[in-house]
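We did not get these values from a lab; they are worked out from the coordinates using the rules stated. These numbers come from a predicted model, not from an experiment. With ideal geometry, Cβ positions are generated from the backbone for all residues, glycine too; neighbour counts draw on all protein chains shown.
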Amino acid sequence: MHYFFKESAILEAEREITLEAEDVNHAYRVLRLRKGAAVVVADGRGAAYHGIIVSITPGEVVVWLVEPAQNSEPALKVTLLQSLAKGEKMDLVIRQAVELGVSRIIPVLTERSIPRLTGSREAARLLRWQKIARSAAAQCRRAFLPPVEPICDLDKVLKEIPGRLALIPWEHEHERGLADLLWQIKPGNNEVLLFTGPEGGFSSAEIEALCAAGAKTVHLGPRILRAETAAIAALTMVQSAWGDVGTGPLSRYNLRDANRK
């Protein structure tokens, strides 16, 4: 079933809404939907409704909302703080992170970040990332549209750490594995911050600053992963242990606790 976002609307059963202009051409000419087609419309804030197209033209698509659709949002709230990566790598990370249930994405400028975006280039790139996130959220049927926030310096995002569980996959961490850590602790308030580095990794000074703020370094295994691979591998492991990827609503941690009772 085809999925669309209508961020500006308050969705309710038994009412009509018109799709956003950017979705009209896609629905009419690309998908070739016609009157009577079943669709789902979400508001990007957590609500989604099954609907029926009651009118469709090259300039407007009107949908009659019928009933709420199933919510597929994970209880775990993961913020991905991704260091800027080259070319399409950042696009790939954003797309796959949204598919895996990330709640928020913050692009971070670090010492070894190769792209240095300023002014109009930064605005254009941010708009591109937001469109990628929107497309990925629709593709995987999410009712919540994860925001891609403006690029931040590392010093600014250090303020996000206090009171939250913050993890940093780091190639020079040899003792504490992420998989082992996932068995040992549980995130407070169901919140996790995941910091992932650029192609050259975090500098020693950046790691010191992150750890001083309360973050924990972890390793992902014996092999050095590419920046985009490391981000998605770490996010998958976190969502598998504490979220809803693979194991469903009962994580291994909760299952272990339940078996003790």
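Some points to look at:
- DSSP beta bridges in the chain [antiparallel fraction, %, rounded to 5]: 40
- Angle in degrees between helix 119-139 and the longest Cα principal axis of the chain, rounded to the nearest 10: 70
- Computed extension gain for Arg45 through Asn190, at 0.36 nm per residue and net of the alpha carbon distance, reaches 50.4 nm.
- The string of couplings for region 189-200 from the Karplus curve (6.51, -1.76, 1.60, θ = phi - 60°) is 6, 6, 10, 9, 9, 10, 9, 10, x, x, 4, x Hz, one whole number per residue in order, with x for Gly and Pro.
- DSSP bridge orientation in region 2-68 - percent antiparallel, rounded to nearest 5: 80
- Using θ = phi - 60° in the Karplus curve 6.51 cos²θ - 1.76 cosθ + 1.60, the 3J(HN,Hα) couplings for region 31-37 round to 7, 6, 6, 9, 3, x, 5 Hz; x is entered for Gly and Pro.
- Amide H to amide H, with H built 1.01 Å from N, Phe5 comes under 5 Å of Ala42, counting only residues 5 or more places away or on other chains.
- Segment Asp155..Glu171, full-extension length gain: 3.6 nm, with 0.36 nm per residue of separation and the alpha-carbon distance subtracted.
- The calculated 222 nm mean residue ellipticity attributable to helices in the chain amounts to -9500 deg cm²/dmol, summing -39500 (n - 2.57) over DSSP H runs of n ≥ 4 and dividing by all residues.
- Subset of Lys89/Lys186; Lys35/Lys86; Lys131/Lys159; Lys35/Lys89 violating a 32 Å alpha-carbon distance limit: Lys35/Lys86; Lys35/Lys89
- FRET efficiency estimate (nearest 0.05) - Cβ-Cβ, Thr229 to Ile10, R0 41 angstrom: 0.55
- Protection-proxy order for peptides 229-236, 56-63, each taking the mean of Cβ atoms within 10 Å per residue, highest first: 229-236, 56-63
- Computed from label points 7 Å out along Cα-Cβ, the spacing between Lys86 and Trp183 is 3.8 nm.
- Fully extending the segment from Ala75 to Ser203, taken as 0.36 nm per residue of separation minus the present Cα-Cα distance, adds 42.8 nm.
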